[in-house]
Amino acid sequence: MRLLWAAARAAADLLWPRRCAACDQTLVDEEQGAGAFCAPCAAALEPLDPVRCCPRCALPQPRPGTCCAGSPLSRARAAYCYGGPLRQALFRLKWQDRDDLAGPLGALLAGPLRAMAPRCDLLVPVPLHRQRLAERGYNQAVLLARAARRAAGVALPLRCDLLRRNTPGPPSRGLGRAARLQRAAAASFVARGGVAGRRILLLDDVLTTGATARACAAALRAAGAERVEVLTLCRTLA
């Protein structure tokens, strides 16, 4: 069976060679199993060290832990800085119908998810409003969560029905920080049953101002969640 799978994969790579998620360069043989990016784009990724970041907003800090004392989030972690190849790949995933990129991008979250999963009971993707979901056809956070869970090999239950977003809001791309904060503050999230006493791990693609994650956390805490952590692929630094 394994030989048949390997042969099928080789044939698929020959007919439809994988391309870099950011620059579309065809991946060479040694890059085929390495993930979403070609070697130059992979070298341009900027991992974030959680030890040097605030544990509640994931921003690099001279004194981690001193900036977010009042946050409803118990912990926040982002795997990479937002920009460069990841910015391009996420743009394609979200706005160019490239849902095929969710698998390799979600796999980049395997390590952080494996580290955070033992503290949590449920994995909950940040929801889209039903209008945005209908327009896009999928929730990128759900696809990333599925891929990350599969790559990490964790048994953390994935629940996509515990949070609902009631307000659609305009797209946030192109908005400044103040406008993003205002937009996220106006968002209304409702937590459904099944979270009381549970430790929730939220998952999303990008942590920008953190307002959306805090709004989700506040709704979950109001419904009785014991603690809420958030994991994202990227964190904006500006």
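The values are calculated or read from the model by the stated rules, or taken from the named source; none is laboratory data. The model shown is predicted, which means the values in this text are computed figures rather than measured ones. Ideal geometry is used to build each Cβ from the backbone, glycine not excepted, and the neighbour counts take in all protein chains shown. Quick note on the areas: whole protein, heavy atoms, side chains included, nothing else; ligands and nucleic acids left out. Shrake-Rupley method; radii C 1.70, N 1.55, O 1.52, S 1.80 Å.
Quick test for you: out of Arg165, Arg199, Arg149, pick the one residue that is in contact with a His (Cβ under 7 Å, 6 or more places away or on another chain), at pLDDT 90 or above and over 14 Å from Ala58 (Cβ atoms). So that I can check it myself, show each step before the final result.
Details: Arg199 fails: in contact with a His (Cβ under 7 Å, 6 or more places away or on another chain); Arg149 fails: in contact with a His (Cβ under 7 Å, 6 or more places away or on another chain).
Residue meeting the stated conditions: Arg165.
Does Asp161 meet the test of being out of contact with any helix residue (DSSP H, G or I) (no Cβ under 6 Å at 6 or more places or on another chain), among the acidic types (Asp, Glu), farther than 20 Å from Gly83 by Cα and in a loop (DSSP other than H, G, I, E, B)?
Working: out of contact with any helix residue (DSSP H, G or I) (no Cβ under 6 Å at 6 or more places or on another chain): yes; among the acidic types (Asp, Glu): yes; farther than 20 Å from Gly83 by Cα: yes; in a loop (DSSP other than H, G, I, E, B): yes.
Yes, satisfied.
Report, by residue number, each residue of the range 3-28 that is modelled with pLDDT of 85 or more and surrounded by fewer than 11 Cβ atoms within 10 Å (Cβ to Cβ). Before the answer, list the steps.
Initially, the range 3-28 is screened for residues modelled with pLDDT of 85 or more, giving 19-27.
Within the range 3-28, just Asp24 meets the criteria.
Can you pull out the residues in the range 114-132 that are aliphatic (A, V, I, L, M), open to solvent by 10 Å² or more (accessible area, probe 1.4 Å), part of a helix (DSSP H, G or I) and within 20 Å of Leu220 (Cβ to Cβ)?
Hit for the range 114-132 is Ala117, nothing else.
Restricting to the range 29-66, what's the tally of residues that are exposed (fewer than 13 other Cβ atoms within 10 Å of the Cβ), part of a loop (DSSP other than H, G, I, E, B) and at pLDDT below 90?
Residues in the range 29-66 being exposed (fewer than 13 other Cβ atoms within 10 Å of the Cβ), part of a loop (DSSP other than H, G, I, E, B) and at pLDDT below 90: 5 in total.
When the range 192-238 is examined, which residues are found to be among the charged types (D, E, K, R) and open to solvent by 30 Å² or more (accessible area, probe 1.4 Å)? Steps first, please.
Residues of the range 192-238 among the charged types (D, E, K, R): 192, 198-199, 204-205, 214, 221, 226-227, 229, 235.
Answer for the range 192-238, where residues must be among the charged types (D, E, K, R) and open to solvent by 30 Å² or more (accessible area, probe 1.4 Å): Arg192, Arg198, Arg199, Arg214, Arg221, Glu226, Arg227.
Can you find a residue in the range 100-107 that is within 28 Å of Val195 (Cβ to Cβ) and of a type in the set (Asp, Glu)?
Checking the range 100-107: not a single residue is within 28 Å of Val195 (Cβ to Cβ) and of a type in the set (Asp, Glu).
Which residue is modelled with the highest pLDDT, if the candidates are limited to the range 202-215 and must be hydrophobic (A, V, I, L, M, F, W, C) and farther than 18 Å from Met116 by Cα?
My answer is Ala215.
Can you name the residue in the range 80-113 that is crowded, with 22+ Cβ neighbours inside 10 Å and small (Gly, Ala, Ser) and, of all such residues, is nearest to the chain's Cα centre (by Cα)?
Out of the qualifying residues, it is Gly106.
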